[in-house]
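This report concerns only the one structure given below.
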């Protein structure tokens, strides 16, 4: 079938089978997701083949299920006829048909273990009764699950048999393999889980009090700030003539000039920018909102990306993935990957290549130019002044007069 102004695909023969009527809408869906015409054509050939197979097996559209997709893919795998992207296309089609209501969701039966049943109820308690965020639940529940698995294994769980020695042994094990900050998180999670079990009446002892503390002194480290010349080199390494380069340059400027966290960049949407006022609304920790002025070079970089680099789509996320399917970044890890690639591209041999280096670098640069700690804390949106106090350790101009002379040497 020839390609017309409307169609974005070409097949040698007209498709047959229960999926024939869905090929055009599926092609438009793939085009909206950012796939190019050649790739769409390849995928639709797989879909047409799948439709023929369904017809040969007398399967109607309302009876199509994910099991049929697996069976179809397995058949071609046995014949060594699997091509690149073939399985992904078939399962992407199933997801599309399910989303459009063309096929019904197949019931998923998952056998949960005793540990999973307990931790699922605990997660529901944290979310619904305690009002904790999803991020906090994700932090706490794995420690509770690991504690139960270590104590009872796959056997019967007798929560009434728990003792203080079990709690202490678990924390001792975790502190030996985790960082101090992560080990402290384990103690907080386990105390929460013990209070939950006590609240339900599963245990009668107050085992939360038996959870030992893990030494984790705050403000002991020196900020790992990237030198100013390295920041300039990283920014200069970005190509400004490609879509990806424009996007990465705008992201790096937000890190370097406004000190945004990677999680805050991921949450930015088109609605966060007020072009008339030249301001940016940032969603920070704990759901807090801050309005920051947009520096001229940052605004120009974002505008350049929006006009010449950002794909046209219905997504409201400010920054989108470069490869299809078009979507916003899934997590702050995506920003970390962009930073790591930029630092490597700039030829900087640094031990640490994380996103927070830019935040530290901005604070240290402001300090060198005479900014006060409260001013730095305001820009970085610190909730507590002691968080900003860590930068006093690198204020060498203020620290030098306080240094005592070495005994026996002239001043």
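Read the figures in this text as sums done on the coordinates, not as results from a lab. Being a predicted model, the structure only gives us computed values, none of them experimental. Using ideal geometry, Cβ is built from the backbone for each residue, glycine included, and neighbour counts are taken over all protein chains shown.
Between the helical axis of 66-78 and the longest alpha-carbon principal axis of the chain there is an angle of about 80 degrees.
Binning the alpha carbon pair distances of the chain at 10 angstrom intervals from zero yields the distribution 4, 15, 18, 20, 22, 14, 5, 1, 1, 0, expressed in whole percent.
Placing R0 at 35 angstrom, the Cβ-Cβ distance between residue 172 and residue 127 gives a FRET efficiency of 0.75 after rounding to 0.05.
Assuming a ≥ b ≥ c are the square roots of the Cα gyration tensor eigenvalues, decide whether the stretch 228-357 counts as rounded (a/c under 1.5), prolate (otherwise, with a/b larger than b/c) or oblate. Could the numbers behind the result be given before it?
Details: a/c = 1.41, a/b = 1.24, b/c = 1.14.
Here the stretch 228-357 falls in the rounded category.
Between residue 134 and residue 312, what FRET efficiency follows from the Cβ-Cβ distance if R0 is 41 Å, with the result rounded to 0.05?
Working: r = 31 Å, r/R0 = 0.76.
Rounded to the nearest 0.05, the efficiency is 0.85.
Compared with the alpha-carbon gap, the fully stretched path from residue 351 to residue 386 is longer by 9.9 nm at 0.36 nm per residue.
Work out how much length residue 158 to residue 341 would gain on full extension: take 0.36 nm times their residue separation and subtract the Cα-Cα distance, in nm to one decimal.
Details: separation 183, 0.36 × 183 = 65.88 nm, distance 4.97 nm.
Difference between extended and current length: 60.9 nm.
For the chain, the longest principal axis of the alpha carbon atoms and the long axis of helix 180-200 meet at an angle near 70°. Per-residue ellipticity at 222 nm computed for the chain from its helices equals -16000 deg cm²/dmol, with DSSP H segments shorter than 4 residues left out and the rest contributing -39,500 (n - 2.57).
The modelled label-to-label distance for the pair residue 28/residue 324, using points 7 Å beyond Cα in the direction of Cβ, is 1.6 nm.
Fully extending the segment from residue 300 to residue 224, taken as 0.36 nm per residue of separation minus the present Cα-Cα distance, adds 24.5 nm. The label-point distance for residue 116 and residue 66, in a model that sets each label 7 Å from Cα toward Cβ, rounds to 1.3 nm. Here r is the Cβ-Cβ distance between residue 206 and residue 91 and R0 is 51 Å; the resulting FRET efficiency, rounded to 0.05, is 0.55.
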